[in-house]
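Read through the structure below, which is laid out as C-alpha cells, and then see the notes.
The values are calculated or read from the model by the stated rules, or taken from the named source; none is laboratory data. Fair warning: this is a prediction, and the values are worked out from it, not measured in the lab. Every residue, glycine as well, gets a Cβ built from its backbone with ideal geometry; the counts of neighbours run over all protein chains shown.
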Amino acid sequence: MGRIPAQYENQRVGIMGYRVLDLDLDGVCADYRGAIADYLARTRGLDPRTFGTNDSYNFYTAPGWPIRNNAEYLAVHRAAEAEHLYATMRPIPGAPEALRRLAAEHVYIRIVTHRLFVSGQHRAVVSDTAAWLDANGIPYMSLCFTGLKDSIGATVHIDDSPGNVAVLRAAGQHVVVFDQPYNRAVPGPRMLDWSDAAVDSLLEWFERWPSDAAVAGA
Ligand SMILES: [Mg+2]
C-alpha cells in the first residue's frame, strides 16, 4: 500500500485517494445529443439541421427538437439505447486524448454516470458503456452508475448538467462546468473543450481551486 504524496494531503479522499476526478460521460466525454439526433434522423427521416437549439438541457423544452414531452423523450431514449447508442456514439472531440494525458499525470479518473435512469436494459447499457470506453482508449479506475452524484466525493468533478452542478456545489464539492449551450448561465470554473490548454488549467485547479469564475480552453 503506497502513501499519499505530501503535496496531495489536502486533497485526500477516503483512505488512499487523492487528485480524484469524478467524470460525467454524456455531454462531457460522449456526444449523447448527437447520437439522439442521429437516431431521430434515421428512424423518422428528418434532417438533423432542422432540430434547432440546445439552449435547454431537456430536449422537449429546447426549441426545434421533434420531442414533445418527457414521455416521448424516454421512449426515444429507450429505443436508441436498445440499438446500442452507448456503444456507438461519437466522443466529444479531444476527450480520449485528454483523459489519457490526465491518467498519465496521475489523476484518478472515476467515471460517474446516470445512464441507468431507465429500467429494463441495464445489462446492455453497462456492457455498451464499457465497450465504448475501451474502444476509445479512455482510461479509468472506477465506473459508477448513479444519478446521486453528490454521494461520491472527489477533488474535482466535471459535469455539464446545470442540476448536477448545483447539487454538487450545494454539497461543498468543486465542480468544473463542461461548456454546452444549455449551461452558459452556470458560473465557472468552466472548460470550453478538451484542448491541451484546457487540461493545463484543469491540472492547475487540482493544485489550487480558483476563487473566481475561471475559463479554460481554446
Ligand atoms: Mg452529462
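Can you tell me which residue among L23, L46, L40 is surrounded by 15 or more Cβ atoms within 10 Å (Cβ to Cβ) and away from the ligand (no atom under 16 Å from the Cβ)?
Being surrounded by 15 or more Cβ atoms within 10 Å (Cβ to Cβ) and away from the ligand (no atom under 16 Å from the Cβ) holds for just one of L23, L46, L40, which is L40.
May I ask you to say which residue of L74, L99 is crowded, with 19+ Cβ neighbours inside 10 Å and modelled with pLDDT of 95 or more?
Every option except L99 fails the conditions.
Give the residues of segment 174-218 that are more than 20 Å from A30 (Cα to Cα), in contact with a strand residue (DSSP E or B) (Cβ under 6 Å, 6 or more places away or on another chain) and of a type outside the set (A, V, I, L, M, F, W, C), sorted by residue number.
H174, G188, P189, S201
Could you list, in sequence order, all residues of segment 56-68 that are in a loop (DSSP other than H, G, I, E, B) and surrounded by 14 or more Cβ atoms within 10 Å (Cβ to Cβ)?
Result: S56, Y57, A62, W65, P66, I67.
List, please: which pairs have Cβ atoms under 6 Å, are six or more places apart or on different chains, and start with a residue in segment 152-166 that is at pLDDT 95 or above and end with one that is assigned to a loop (DSSP other than H, G, I, E, B) and more than 10 Å from the ligand (Cβ to nearest atom)?
Listed pairs, sorted by first residue: V156/H174; H157/Q173; P162/V186; V165/V186.
Just need a number here: residues in segment 131-166 that are away from the ligand (no atom under 13 Å from the Cβ), assigned to a helix (DSSP H, G or I) and over 20 Å from A98 (Cβ atoms).
Going through segment 131-166 one residue at a time, the tally reaches 4.
Give the residue that is farthest from V199 (Cα to Cα), with candidates limited to residues of segment 117-130 that are surrounded by 15 or more Cβ atoms within 10 Å (Cβ to Cβ) and within 15 Å of the ligand (Cβ to nearest atom).
So, considering only residues that are surrounded by 15 or more Cβ atoms within 10 Å (Cβ to Cβ) and within 15 Å of the ligand (Cβ to nearest atom), the one farthest from V199 (Cα to Cα) is V125.
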